[in-house]
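Peer 1: Before I ask anything, let me first share the structure, which is written out below as structure tokens.
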Amino acid sequence: MMTAPRLEIDLNKIGHNARTLVERLGKRGISVTGVTKATLGSAEIAATLLRAGVNALGDSRIENIESMRLGQQSAPMTLIRSPMLSQAQRVVRSANVSCNTEIEVIRRLSIEAQQAECNHGVVLMVELGDLREGIMPDDLLDCVRETLSLPNIDFKGIGTNLACRSGVAPDARNMAMLTELAEQIETTFDLKIGTVSGGNSANLEWALSGAEIGRINNLRLGEAILLGCETLHRQPLDGLYTDAITLVAEVIEAKIKPTLPSGQIAQNAFGETAVVADRGQVTQAILAIGRQDIDPDGLQAPPGIAVMGASSDHLILESDRFELAVGAEVVFQLNYSALVRAMTSPFVSKVIATASGDNSCGAV
């Protein structure tokens, strides 16, 4: 019997999702950078994405990129979070390209690239309304000008990121702005931009709608590939698997209990005050997993089972159909928040289903 809790990862389904999106976007002239940050730079998943046709790998952590390099992965890799000054040397040694917003950082990358006797590619990220990372549009030309002047730095293009902090949706207006900025750069500096990266999985509704894509020629996709959904409304994408990665946890207690706590109510372990309606006696189960390992709000339980809450190490369920016996396993689908936390937890095993149908257990 395999250990629990565990993530069960189906490479065939991930490959299918990636291949389907690569093909659909390819018809629109858009390439795909496969984002590995939710998988901790898994060598197996990275290889699956590359076989499916992604043109590069992207990750927000240089540690994950270094791990893939140690695994002999030679594919083009992009650091999709702005580099830390303190990690500039590591960035130029392991990543082919990095997404940047601060000229001070690009200057440091230039120095480190000279010392390493290599060239490092830079994509300048532009702020288009979501208010996370990005150069303000009015400052972009000055930043391009200095980037072009720096030795051992290759200006690759521009990009933007939407729907991550404020939920601003990619649409015809902001994507047209990115196209206009790309053309302005080309006219001003008499060059041809290679990459105009429109964003992430939130861009799929726009990109596949038949809208005019302008100069957008790349998207950075992680959640849509791994979980089979778009990220504006978390709706399943047609023809994609939503269960390529599932969470399995084990029941450690099963009892009939009242729904109403007894005694004086104060804050719980996470500073919350419970508000509970009296629904009488219920069938309650506790699973050996908690907030340290997952986001309980990001779990989708099987029909007839409801997630009622969680502490650090316990997940509380109620069942209206059957009693969950001690030792039973419950399979959940996850959203991105729950996946990232589970993948990061050392207490959650990762079990990868290979192409042959075999299972391999261990860190990904």
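The values are calculated or read from the model by the stated rules, or taken from the named source; none is laboratory data. Since the model is a prediction, treat every value here as computed from it, not as a measurement. Don't worry about glycine lacking a Cβ; one is built from the backbone with ideal geometry, like all the others, and counts go over all protein chains shown.
Peer 1: Do you know which of the residues in segment 207-230 that are farther than 24 Å from Asp59 by Cβ and without any contact (Cβ under 8 Å) to a residue 40 or more places away in the chain is surrounded by the most Cβ atoms within 10 Å (Cβ to Cβ)?
Peer 2: Going through segment 207-230, the residues farther than 24 Å from Asp59 by Cβ turn out to be 208-215.
From what's left, without any contact (Cβ under 8 Å) to a residue 40 or more places away in the chain: 209-211, 214-215.
Details: Ser209: 12, Gly210: 8, Ala211: 16, Gly214: 17, Arg215: 20.
Taking the candidates together, the pick is Arg215.
Peer 1: Just checking, does segment 44-54 include any residue being of a type outside the set (Phe, Trp, Tyr), over 16 Å from the mean Cα position of the chain (by Cα), modelled with pLDDT of 95 or more and at positive phi?
Peer 2: The answer is yes; a qualifying residue exists.
Peer 1: Can you tell me which residue among Leu79, Leu131, Leu85 is crowded, with 23+ Cβ neighbours inside 10 Å and of a type in the set (A, V, I, L, M)? Explain how you work it out, then say what you get.
Peer 2: Values: Leu131 fails: crowded, with 23+ Cβ neighbours inside 10 Å; Leu85 fails: crowded, with 23+ Cβ neighbours inside 10 Å.
Unique residue meeting the criteria: Leu79.
Peer 1: When you go through Ser110, Ser67, Ser86, Ser74 one by one, which is the residue that is closer than 25 Å to Ile14 by Cβ and either assigned to a helix (DSSP H, G or I) or over 24 Å from the mean Cα position of the chain (by Cα) (or both)? First the steps, then the outcome.
Peer 2: Numbers: Ser110 fails: closer than 25 Å to Ile14 by Cβ; Ser86 fails: closer than 25 Å to Ile14 by Cβ; Ser74 fails: either assigned to a helix (DSSP H, G or I) or over 24 Å from the mean Cα position of the chain (by Cα) (or both).
When all the criteria are applied, what remains is Ser67.
Peer 1: Just to be sure before I move on: is Ser98 free of Cβ contacts under 8 Å to residues at least 12 places away in the same chain and assigned by TED's automatic domain parsing to the domain that holds Gly157 in the structure I sent?
Peer 2: On the way: free of Cβ contacts under 8 Å to residues at least 12 places away in the same chain: no; assigned by TED's automatic domain parsing to the domain that holds Gly157: yes.
So Ser98 does not fit the description; no.
Peer 1: Look at Ala52 and say whether it is crowded, with 18+ Cβ neighbours inside 10 Å and within 21 Å of Ile352 (Cβ to Cβ). Talk me through it step by step, then tell me what you get.
Peer 2: Details: crowded, with 18+ Cβ neighbours inside 10 Å: yes; within 21 Å of Ile352 (Cβ to Cβ): yes.
Considered against the rule, which asks whether it is crowded, with 18+ Cβ neighbours inside 10 Å and within 21 Å of Ile352 (Cβ to Cβ), Ala52 comes out as yes.
Peer 1: For the structure I just gave you, tell me whether Glu146 is over 21 Å from Val97 (Cα atoms), not aromatic (Phe, Trp, Tyr) and not in a loop (DSSP other than H, G, I, E, B).
Peer 2: Working: over 21 Å from Val97 (Cα atoms): no; not aromatic (Phe, Trp, Tyr): yes; not in a loop (DSSP other than H, G, I, E, B): yes.
Judged against the criteria, Glu146 is not a match.
Peer 1: I've got another one for you. Show me the strands (runs of 3 or more DSSP E) entirely contained within segment 241-310 in which 2 or more residues are loosely packed, with under 11 Cβ neighbours inside 10 Å and touching a helix residue (DSSP H, G or I) at 6+ places or on another chain (Cβ under 6 Å).
Peer 2: Numbers: elements: 245-258, 281-287, 305-310.
Per the criteria, no element qualifies.
Peer 1: Still on this structure, please answer the following. Among what's in segment 20-57 and is in a loop (DSSP other than H, G, I, E, B) and of a type in the set (Ser, Thr, Tyr), pick the residue that is nearest to Gly159 (Cα to Cα). Break it down stepwise before answering.
Peer 2: We begin by selecting, within segment 20-57, every residue in a loop (DSSP other than H, G, I, E, B); these are 27-30, 36, 40-42, 52-55.
Subsequent filtering for residues that are of a type in the set (Ser, Thr, Tyr) retains 36, 42.
Working: Thr36: 18, Ser42: 25 Å.
Restricting to residues being in a loop (DSSP other than H, G, I, E, B) and of a type in the set (Ser, Thr, Tyr), the top hit is Thr36.
Peer 1: Looking at (1) under 29 Å from Ala353 (Cα atoms); (2) of a type in the set (D, E, K, R); (3) free of Cβ contacts under 8 Å to residues at least 60 places away in the same chain, find the lone condition where Glu250 falls short.
Peer 2: It fails just one condition, (3).
Peer 1: If you don't mind, there's one more thing I want to ask. Among the numbered conditions (1) of a type in the set (S, T, N, Q); (2) farther than 25 Å from Gly194 by Cβ; (3) touching a residue at least 40 places away in the same chain (Cβ under 8 Å); (4) part of a loop (DSSP other than H, G, I, E, B), tell me where Asn17 comes up short.
Peer 2: Failing condition for Asn17: (4).
Peer 1: Could you list, in sequence order, the residues of segment 165-177 that are more than 9 Å from Gly199 (Cβ to Cβ) and among the hydrophobic types (A, V, I, L, M, F, W, C)?
Peer 2: Val168, Ala169, Ala172, Ala176, Met177
Peer 1: Another question, then. Can you confirm whether Ile193 is under 26 Å from Val351 (Cα atoms), aliphatic (A, V, I, L, M) and surrounded by 12 or more Cβ atoms within 10 Å (Cβ to Cβ)? If you could, list the steps in order and put the result at the bottom.
Peer 2: On the way: under 26 Å from Val351 (Cα atoms): no; aliphatic (A, V, I, L, M): yes; surrounded by 12 or more Cβ atoms within 10 Å (Cβ to Cβ): yes.
For Ile193, the condition - under 26 Å from Val351 (Cα atoms), aliphatic (A, V, I, L, M) and surrounded by 12 or more Cβ atoms within 10 Å (Cβ to Cβ) - is not met.
Each row is one residue, and each column tells you yes or no for (1) closer than 28 Å to Leu232 by Cβ; (2) under 25 Å from the mean Cα position of the chain (by Cα); (3) at pLDDT below 95.
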residue	(1), (2), (3)
Pro137	yes, no, no
Thr147	no, no, no
Ile153	no, no, no
Gly159	yes, yes, no
Leu178	yes, yes, no
Leu181	yes, no, no
Asp190	no, no, no
Gly198	yes, yes, no
Ala202	yes, yes, no
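Peer 1: Specify which of the listed residues (Thr188, Thr259) is among the hydroxyl-bearing types (Ser, Thr, Tyr), more than 20 Å from Asp59 (Cβ to Cβ), out of contact with any Phe, Trp or Tyr (no Cβ under 7 Å at 6 or more places or on another chain) and not assigned by TED's automatic domain parsing to the domain that holds Arg28. Lay out the reasoning, then the answer.
Peer 2: Details: Thr188 fails: not assigned by TED's automatic domain parsing to the domain that holds Arg28.
Being among the hydroxyl-bearing types (Ser, Thr, Tyr), more than 20 Å from Asp59 (Cβ to Cβ), out of contact with any Phe, Trp or Tyr (no Cβ under 7 Å at 6 or more places or on another chain) and not assigned by TED's automatic domain parsing to the domain that holds Arg28 holds for just one of Thr188, Thr259, which is Thr259.
Peer 1: Right, here's the next one. What are the residues in segment 141-167 that are farther than 21 Å from Gly121 by Cβ and either outside the structural domain of Gln115 (by TED's automatic domain parsing) or crowded, with 19+ Cβ neighbours inside 10 Å (or both), if any?
Peer 2: Of all residues in segment 141-167, those farther than 21 Å from Gly121 by Cβ come to 162-167.
Within segment 141-167, Leu162, Ala163 qualify.
Peer 1: Determine the pairs where a residue that is free of Cβ contacts under 8 Å to residues at least 12 places away in the same chain, located within segment 147-163, has a partner that is of a type outside the set (Ser, Thr, Tyr) and crowded, with 24+ Cβ neighbours inside 10 Å with Cβ atoms under 8 Å apart, the partner being 6 or more residues away or on another chain.
Peer 2: Matching pairs, first to second residue: none at all.
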